[in-house]
Amino acid sequence: MLEVLHNLPDPFSNVQNLKNRFGVKGLSMDEMVTLSGAHSIGVSHYTSSTRRLYPRQDTSIDPVFAAQLTASCPQNGSNSTTVQLDVVSPNRLDNSYYKNLQIRRGLVLLGSNSMA
Ligand code: HEM
């Protein structure tokens, strides 16, 4: 278990750091983006889901989606609260993860400069 945790990228990583982490495993940026499509299924816990909501809402999130997210994850909520990573087709492994990001309705899981 410790070995897994040690090898998982930190969700607060920025793009350069993720690039390095994948790079040492022999994986390119292209492969990193492709693998990230796995976020088309599964859930995110409160602390991962709200980093762009509190204390200040990231204005790059679609306002309607931000309001839905805020309703599901009110401020000072519990980390046992989860939201779907892909709100459009949560149980289907498809390309919605990317489509949602394009329309600013995705949970951006990466760190500070990942929107660039
Ligand atoms: C690019 C680096 C990655 C970052 C920064 C990242 C980050 C995250 C974060 C923050 C969560 C939510 C965790 C939680 O709050 O419970 C998550 C969930 C998940 N990630 Fe990643 N991830 C990355 C790469 C990957 C890769 C390569 C895969 C698979 C090929 C993957 C598959 C998943 C899945 C399936 C879930 C949902 C887990 C569940 O439902 O319990 N991720 N990821």
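Applying the criterion of being surrounded by 13 or more Cβ atoms within 10 Å (Cβ to Cβ) and not hydroxyl-bearing (Ser, Thr, Tyr) to the residues of the range 59-73, the residue that is farthest from the ligand (Cβ to nearest atom) is 62.
All conditions but one from (1) surrounded by 15 or more Cβ atoms within 10 Å (Cβ to Cβ); (2) away from the ligand (no atom under 12 Å from the Cβ); (3) touching a residue at least 12 places away in the same chain (Cβ under 8 Å) apply to residue 99; the one that does not is (3).
The residue that is nearest to the chain's Cα centre (by Cα), counting only those in the range 76-96 that are surrounded by 15 or more Cβ atoms within 10 Å (Cβ to Cβ) and not small (Gly, Ala, Ser), is 85.
Take residue 40 and decide whether it is of a type outside the set (D, E, K, R), under 26 Å from residue 95 (Cβ atoms) and modelled with pLDDT of 90 or more. Considered against the rule, which asks whether it is of a type outside the set (D, E, K, R), under 26 Å from residue 95 (Cβ atoms) and modelled with pLDDT of 90 or more, residue 40 comes out as yes.
Within the range 18-30, the residues that satisfy the criterion of being more than 9 Å from the ligand (Cβ to nearest atom) and closer than 24 Å to residue 100 by Cβ are 19, 28, 29, 30. Given the criteria more than 8 Å from the ligand (Cβ to nearest atom), crowded, with 16+ Cβ neighbours inside 10 Å, β-branched (Val, Ile, Thr) and within 17 Å of residue 104 (Cα to Cα), does residue 15 qualify? So residue 15 does not fit the description; no. Of all residues in the range 37-48, those satisfying the criterion of being within 6 Å of the ligand (Cβ to nearest atom) and surrounded by fewer than 16 Cβ atoms within 10 Å (Cβ to Cβ) are 38, 42, 43, 45.
Per-residue answers, yes or no, for (1) modelled with pLDDT under 95; (2) within 15 Å of the chain's Cα centre (by Cα); (3) not hydroxyl-bearing (Ser, Thr, Tyr):
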site	(1), (2), (3)
30	no, no, yes
36	yes, yes, no
48	yes, yes, no
57	yes, no, yes
63	yes, no, yes
68	yes, no, yes
74	no, no, yes
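Count of the range 10-63 residues, restricted to those that are assigned to a helix (DSSP H, G or I), closer than 16 Å to residue 83 by Cα and touching a residue at least 60 places away in the same chain (Cβ under 8 Å), is 2.
The values are calculated or read from the model by the stated rules, or taken from the named source; none is laboratory data. Computed from a prediction, not measured in an experiment: that's the story for all the values here. Glycine gets a Cβ as well: all are built from the backbone with ideal geometry, and neighbour counts include every protein chain shown.
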